[in-house]
Amino acid sequence: MSRTDPSPSDDARAEVLARVRAALADRPAAPPASRDYRTAGDGSPSLAADAPREALLELLAGRLVDYHALVRRVPTGPAAPAGPTNDASDGNDGNDGNDDGDIAAAVADALTQRGARRLVRPPGLPAGWLAAARGIEAVDDEPPLTAAELDVLDGVLTGCALAIAETGTIVLDGGPGQGRRALSLVPDYHLVVVRADQVVAGVPDALARLRAAGRATRPLTWISGPSATSDIELHRVEGVHGPRTLEVVLVE
Amino acid sequence: MTAASGPAGASPATFLGLPAVVPPTAPRGVGMLRGDEPFPVAARRALGDAQLRRNLGKATGTIRGRRARVVAELDDWDQLRAAGAAIKDDVLAHLGDYLVQLEEQVTARGGVVHWARDANEANRIVVDLVRAAGATEVVKVKSMATQEIGLNEALADAGVAAWETDLAELIVQLGHDRPSHIVVPAIHRNRAEIRDIFAREMGASGGVPAPPGLTDEPRALAEAARRHLRQRFLSARVAISGANFAVAETGTLAVVESEGNGRMCLTLPDTLITVMGLEKIVPTWRDLEVFLQLLPRSATGERMNPYTSMWTGVAPGDGPRAFHLVLLDNGRTATLADPAGRAALRCIRCAACLNVCPVYERTGGHAYGSVYPGPIGAVLSPQLAGVADNPSLPYASTLCGACLDACPVAIDIPSMLVHLRAKVVDAGRGAGHPPKPERAVMAAAAWTMAKPDRWARALRAARLGRLLGRRRGAIGRLPPPLAAWTASRDLPLPPAETFRDRWSRQRSGPDGPDAPDSLNAPDPLDGPNASNPLDDPDAPGARDLQDARIGQDAPGGRDAPDEPDERTP
Ligand code: SF4
């Protein structure tokens with residue numbers, strides 16, 4: 001930031017920093033934090049570090065259900081690729097075409113049950129995912145839809161960057177198939193596809209993976225269940241301003 | 001227990017190596033850090049409100065139980081907690097460097113950073129930004145910092161309407177009320193009261209009115225809030241938020257929330273203004289792995305809150321086109337200047353200390369007079385605003401230690417309270433009038449001594465006595481809360497045994513719960529039917545509370561469910 005013109009904020013900046021220096025004249029010691037809690041790669045309290053993928057998915061599904069997300073599990077054939085494990089957070093780019101048939105069936109089923117007809121389609125959504133959906137109008141975000149336009153649509157279908165099994169969290173980073181944040185916020189129904197290789201054990205794994213993939217400074221949305229409030233007598237009510245229904249297609 | 005001798009009377013301003021000029025505290029006449037009346041007066045009134053106490057007891061009991069369950073799920077909770085404390089201490093020790101780093105990163109990614117020395121300056125900055133954006137109304141995400149500085153009032157004075165969008169904040173705003181809890185600000189309202197407020201005020205406020213025949217079902221109330229705010233979200237041009245964390249390394253801001261009102265505000269408007277206390281920094285991206293585990297579990301008792309938003313500067317094509325970050329001092333550097341008080345700045349505002357506090361549970365948040373109630377408020381408000389302006393708050397505690405056990409960043413609130421009580425006395429002496437907190441201390445002492453096990457626990461809290469001893473030399477030999485009494489009087493006291501003997505003489509039986517206390521002082525915190533869940537295992541919430549503490553102290557604490565207060569000094 002250029003500071004050629006001294007402004008009140010510049011004065012304030014100098015003064016606050018001087019205050020901080022003065023306040024710390026005793027030079028307090030602050031030994032480095034010890035990271036002896038579970039860090040990335042250590043598994044999670046409910047999962048050993050070497051737990052098989054099925055256990056990871058089982059935990060994620062359980063946690064999602066716990067917080068009242070709807071979950072559809074899509075088994076894939078024995079030929080399903082294992083997928084990359086370290087830099088898989090670049091969204092659903094459609095490379096894993098093997099799964100698309102099963103995903104499409106699950107998506108079509110979900111949309112039918114929901115009764116959704118007009119759906120936001122984020123840029124980069126694998127074409128196959130909507131292949132089996134009948135009577136669905138997919139609305140593209142081009143040119144960008146206004147908030148009011150989004151508000152009258154029935155829902156949105158997205159991929160995700162990754163999911164955290166221990167906490168039942170889905171992370172969106174705006175990558176292909178996810179779109180900008182408003183798309184997964186304004187419509188009342190969010191259907192999201194999670195691939196097995198996108199599931200990590202715990203919060204430390206998620207942060208490490210986002211960083212390794214260069215996604216830390218993107219707009220990120222961490223979603224754990226549908227929007228909810230506990231503001232009335234600590235009574236949990238699902239569905240306030242965010243999508244009131246979160247449905248997850250978990251591809252195994 | 002021996003009284004340590006030390007540099008008695010040293011104050012931060014004069015102690016060797018400490019600054020001669022202590023940074024200023026938050027200014028008067030703006031914001032919400034000072035009560036209109038002393039804590040005991042406000043507390044006494046709150047205690048007379050049976051409805052309030054029912055609401056509070058139910059809500060805090062529920063949240064304690066939830067927290068206990070999810071904390072117990074993590075076998076590395078103690079390690080996370082220690083790391084959280086250490087990371088925040090590092091932030092405080094190098095705060096200047098981290099602030100500059102944060103500014104660089106936010107700026108490099110298209111944000112604009114503003115510095116505010118105090119509430120007035122922050123309010124001015126925000127008002128100017130809103131005007132520059134040409135807006136006459138703003139949507140707000142729940143934010144402690146903006147309440148602390150009285151931003152809504154400043155905006156109103158400038159002709160800008162500020163709409164609170166968090167459900168609880170909406171209840172508070174529509175009810176022309178004040179928040180009473182950090183995480184659930186309308187905790188003092190029950191569903192029937194909320195229904196009445198919505199039915200009466202939603203339309204009157206100029207927004208979408210509540211539907212006719214609105215019931216007090218929480219679901220119906222949430223739906224009414226959704227409809228009331230929907231249009232405001234979709235048409236808002238400026239949003240104002242706080243921040244839970246700011247990563248110095250990357251310039252990333254994080255807001256955790258539940259309802260989606262945060263996402264709406266952070267995503268839809270063109271301009272986003274975030275007001276953040278200086279201390280909200282974490283050094284590195286990786287540090288979020290600690291706090292994103294500690295905060296949701298401590299705050300709402302969830303494994304993860306429904307929504308966490310993170311953003312770094314401006315992202316073209318996604319969200320606001322202008323991002324302003326206002327870094328707020330308002331007494332934080334004054335707090336930082338006190339080595340014995342600065343750890344209060346570790347606070348991540350989870351409110352776990354409120355939910356376990358026997359005093360908070362009875363009085364509610366309003367009695368504390370500040371936007372920060374409960375144990376953290378008792379140590380933070382007097383430091384931000386100066387002890388002279390909040391002299392009774394450091395006495396708003398029984399020093400039972402439950403807050404320390406619950407705190408995810410291990411802030412030693414009890415020791416800090418004792419320290420601040422001494423500062424209250426010093427401040428009173430400097431101002432030429434005698435210390436007034438005595439009455440509150442006596443009440444706390446009476447409360448402690450009203451039951452033998454409370455007294456026994458007070459005796460065990462020996463390290464507080466030692467802390468006092470360091471400061472006061474030979475006088476500080478009594479355990480709290482009587483130690484505080486020594487601090488307030490600055491006189492040699494009879495030895496502890498005298499008090500105990502006197503109490504024993506006067507109590508009526510072996511258990512003596514109904515005996516008049518020896519000090520014959522009215523106890524503002526112990527009405528005739530009141531029971532402290534710490535003491536009465538059958539009291540509502542008692543089991544939850546103990547469970548919470550067991551989870552906290554795992555694994556060792558699991559073996560000692562009957563001694564929840566026993567800590568290693
Ligand atoms: S002092 Fe600790 S327990 Fe209390 S709100 Fe702050 S972080 Fe939470």
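What follows draws every value from the coordinates through simple rules; no lab data is involved. Everything quoted here is computed from the prediction, not taken from an experiment. All Cβ positions, glycine included, derive from the backbone under ideal geometry; neighbour counts span all protein chains shown.
The figures follow:
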item	result
Likely footprinting exposure, A:207, A:59, A:183, fewest C-beta neighbours within 10 Å first	A:59, A:207, A:183
Simple spin-label estimate for residue A:152 and residue B:217 in nanometres, 7 Å along Cα-Cβ	2.9
For residues of A:144-152, the mean tally of beta carbons on other chains within 10 Å	3
Residue A:34/residue A:131 FRET efficiency (R0 56 Å; Cβ-Cβ; nearest 0.05)	0.65
The range B:126-139 - phi-based ³J(HN,Hα) in whole Hz, Karplus 6.51/-1.76/1.60, Gly and Pro as x	5, 4, 4, 5, 5, 4, 4, 7, x, 9, 10, 8, 9, 9
Highest-fluctuation residue, A:68, A:235, A:190 considered, GNM on chain A with Cα pairs under 10 Å	A:235
Distance between modelled label sites at residue A:53 and residue B:100, nm, 7 Å Cα→Cβ extension	4.9
Per-residue average of Cβ from other chains inside 10 Å of A:167-176	3
Residue order, fewest to most surrounding Cβ atoms within 10 angstrom, among B:140, B:280	B:280, B:140
Fluctuation leader among A:44, A:184, A:34 - chain A, Gaussian network, Cα springs under 10 angstrom	A:34
At q = 0.20, 0.22, 0.23 Å⁻¹, base-10 log of I(q)/I(0) for the range B:66-163 (Debye sum, equal scatterers on each alpha carbon)	-1.03, -1.11, -1.15
Efficiency of FRET from Cβ geometry, residue B:50 and residue B:107, R₀ 45 Å, rounded to 0.05	0.25
Anisotropy class of the range A:53-251 from Cα gyration tensor, a/c 1.5 cut	rounded
Average partner coverage of A:239-248, which counts Cβ from other chains inside 10 Å	6
Gyration tensor (alpha-carbon) shape descriptor, the range B:166-236, a/c threshold 1.5	oblate
Helix A:100-114 axis, angle to chain A major axis (alpha carbon atoms, nearest 10°)	90
Separation of the residue A:138 and residue A:66 label points, Cα + 7 Å toward Cβ, nm	3.5
Extension gain from residue A:27 to residue A:117, taking 0.36 nm per residue of separation minus the Cα-Cα distance	26.1 nm
Fewest-first sequence of A:20, A:139 by Cβ atoms within 10 Å of each Cβ	A:139, A:20
